[in-house]
Amino acid sequence: MVLARVTLPRYFSLRFINRYVCAMNQAYLRHLTDSETFELTFQYVDPNARLNRQFNFSRQVTEPVSTFTQRVATNIEKIVKKKSKTGPPVGVRVSVSVNGAPVADDTTLCKDIFSDSGNKVVLNVCEQEFKVVINSPWISGVVLPSSILAGFPVYPMKFDSIYTDKAQSEFNWYKSNDRNKWSLVGGGFVYTTSNSDIGAYLKLSCVPKNGDLVGPIAETVSSVPVQAGPGFCPFETRHQFTKEKCSGSTFRVVSYNILADLYCDSDFTRQVLHPYCPPYALAIDYRKQLFIKEITGYNGDIICLQEVDRKVYNYDLRPLFEELGYESDFCIKRGAVAEGLACFYNKQRFKCLQTRRFVLSDELKNFSDIWAKISENDKLSERILDRSTVLQVNFLESVENNEVLVVGNTHLYFHPDADHIRLLQGAVIIKYLEHLIDEFRKKMENKRLSLILCGDFNSTPECGIYQLYTTGHVSEDHIDFQSNLEEAVKVPLHQNLRLSSACGTPKYTNFTAGFADCLDYIYYESGSFDVVQVVPLPSEDELRQHTALPSVVFPSDHISLISDLKWK
């Protein structure tokens, strides 16, 4: 069989779908190239037997067509008999025709006719004919979230399909208080709820399409009703500064550590780190509604996120931002850590030329001047090489201007006695970026390359990284090198890029009960850009409203940074 090679998700099962609505005159057949089975689904109606039922079959591609049709007949006959206990004997007749000619012999195999080679296959069940649609668009799994808040966007937390173009497909949302009578409330992959939806269940109806092919409708109903939202969130005040999208030579950059569920979903977090935050507000199904509404409201052109769970990226951020016109790159940390960095960019304004993933511990020895000093201290060498820190780099070409952005995104190592490690990591990052920019400039002599470096640097403005980036050098006697005396080292550091902090040095970008300071930055080349706008950060009163962050209105322990930059 000449079929496209597709891998079904591991949870392929009808249990994710409340029901399929099949066209009355069609049977839907699905087969994967590397599978020995095919699946067939159709809706059979027999008014005399009061039967209206969907039948699903999974059969071997190597079995004779006659064996297959007999199995279909037997299964339907069993159901008809149950419905017509007092009626006459039932005789269900099933046959297959190909291009108008019936298949009557016992030697023709299912794989000989159920192909996409142009055969017009018809399944005949009694007096009814079903056109067999081979590899039609098909939704194999769709799930609505377990938490739905009024005033926030809702979308399928899982949406898996085969042979389907999601952009062409049709989505409709319905609501009901009793899950029986439904009223249409919206269309599209994403629906933003309102207070009028509180207490109602939601149903999503999906019509998968691909070109001229249309698959069966898949419907799923939420397991929970829409709940009241948390009320006014401080990020909604910040949205007042980002109502309008940037254009021309101005673009908006967002940097945000969204607090990975990996670190949030534990008794230690709930009882020790953030005991002031209600457990439900720490749950990722709650928090992601907040940070998605927050981030989308900033209308950013480039969005750099840290602490992004792999599942949140795959099932929430990537599909949602694709709907909004963004492309993205996800950079997992080294090792078995299931969180990392994500960069989203408005594809109407930027085109990605190249992506790099730089694992600091793997590349550190290539920076001989720095490594020579580190290697003299065994404890320091072992500790810094054991880190999972990465740098994500995307080369983004402006669609509107003759410019290329080199966008770096990172999250440096956190530990109270690790100022020296962070400074060394920051130095390696900036040297690597210098090398990349020099290398790329040779390939693109007619365009200007400019650096933007976002991230959670876990370093305050008094630390060496800020000095290195904004002044170009740090002496070997900097106090950061003494943060752990057993690992003390002296390394004079310098770099040639003229960087400034787009949002300055706010009093807080991280605010918990145990620690609060400025740790996050959007660095930019001051010779290439002017800062047009910095979106004001929440007030200290707002941060303390629920003791600290995260809270019922702040989804992370960090505060997002937003700045509009303009090419000079």
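Only the coordinates and a few stated rules stand behind these numbers; no lab work does. Because the structure is a prediction, the values reported are computed rather than measured. With ideal geometry, Cβ positions are generated from the backbone for all residues, glycine too; neighbour counts draw on all protein chains shown.
Full extension from Thr37 to Arg93: what is 0.36 nm times the residue separation minus their Cα-Cα distance, to one decimal in nm?
That works out to 17.8 nm of additional length.
From the backbone phi of the range 153-163, what are the Karplus-calculated ³J(HN,Hα) couplings (6.51 cos²θ - 1.76 cosθ + 1.60, θ = phi - 60°) in whole Hz, Gly and Pro given as x?
x, 10, 7, x, 6, 9, 9, 10, 8, 10, 6
Based on the mean of other Cβ atoms within 10 Å per residue, sort peptides 509-516, 237-244, 143-150 so the most packed one is first.
The peptides rank, most packed first, as 143-150, 509-516, 237-244.
Going highest first, how would you order 36-42, 101-107, 488-494 by mean Cβ packing within 10 Å?
The packing order, highest mean first, is 36-42, 488-494, 101-107.
In nanometres, what is the gap between the two model label sites at Lys111 and Ala336, each 7 Å from Cα along Cα-to-Cβ?
It is 3.9 nm.
How would the range 194-319 be classified by its alpha-carbon gyration tensor: rounded, prolate or oblate, with rounded meaning a/c under 1.5 and the a/b versus b/c comparison settling the rest?
Oblate shape, in that a/c is at least 1.5 and b/c is the bigger or equal ratio.
Could you pull out every whole DSSP H run in the chain that spans at least 24 Å of Cα extent along its own axis and averages 0.0 or higher on the Kyte-Doolittle scale?
Those that pass (Cα extent of 24 Å or more, hydropathy at least 0.0) are 419-441.
Find how many whole Å separate the alpha carbon centroid of the range 378-435 from the alpha carbon centroid of the range 42-79.
Distance between centres, Cα-based: 60 Å.
Would the range 21-134 count as rounded, prolate or oblate if I go by the C-alpha gyration tensor, calling it rounded below 1.5 in a/c and otherwise prolate when a/b exceeds b/c, oblate otherwise?
Prolate.
For a quick check: sort Ser194, Ser450, Ser247 by the number of other beta carbons within 10 angstrom, fewest at the front.
Ser247, Ser194, Ser450
Quickly rank 454-467, 57-70 as a protection proxy: mean count of other C-beta atoms within 10 Å, highest first.
Highest-to-lowest ranking by the protection proxy: 454-467, 57-70.
Is it possible to state the helix-based mean residue ellipticity at 222 nm for the chain, with each DSSP H run of 4+ residues giving -39500 (n - 2.57), the sum divided by total residues, to the nearest 500 deg cm²/dmol? What is it?
Computed ellipticity for the chain at 222 nm equals -5500 deg cm²/dmol.
Sequence gap at least 6, Cα distance under 8 Å: using those rules, report the relative contact order of the range 21-134 to the nearest whole percent.
27
Determine, from the Cβ-Cβ distance of Asp417 and Lys490 and an R0 of 22 Å, the FRET efficiency 1/(1 + (r/R0)^6), rounded to the nearest 0.05.
0.80
Using the structure shown, list the pairs from Lys120/Lys181; Lys81/Lys203; Lys209/Lys347; Lys166/Lys243; Lys111/Lys166 with a Cα-Cα distance above 32 Å, or answer none.
Violating the 32 Å limit, Cα to Cα: Lys120/Lys181; Lys81/Lys203.
Please report the relative contact order for the chain, taking Cα pairs under 8 Å with a sequence separation of at least 6, and give it as a percent rounded to a whole number.
About 11 percent, as a whole number.
From zero outward in steps of 5 Å, how is the percent of C-alpha pairs of the range 138-221 spread across the bins?
3, 15, 27, 24, 16, 10, 4, 1
What distance in nm lies between label points placed 7 Å from Cα along the C-beta direction at Asp362 and Ser58?
Placing both labels 7 Å along Cα→Cβ, they lie 3.7 nm apart.
Along the range 351-368, what does the Karplus equation 6.51 cos²θ - 1.76 cosθ + 1.60 (θ = phi - 60°) give for ³J(HN,Hα), rounded to whole Hz, x for Gly and Pro?
10, 7, 8, 6, 10, 10, 10, 10, 8, 4, 5, 6, 9, 4, 5, 6, 9, 4
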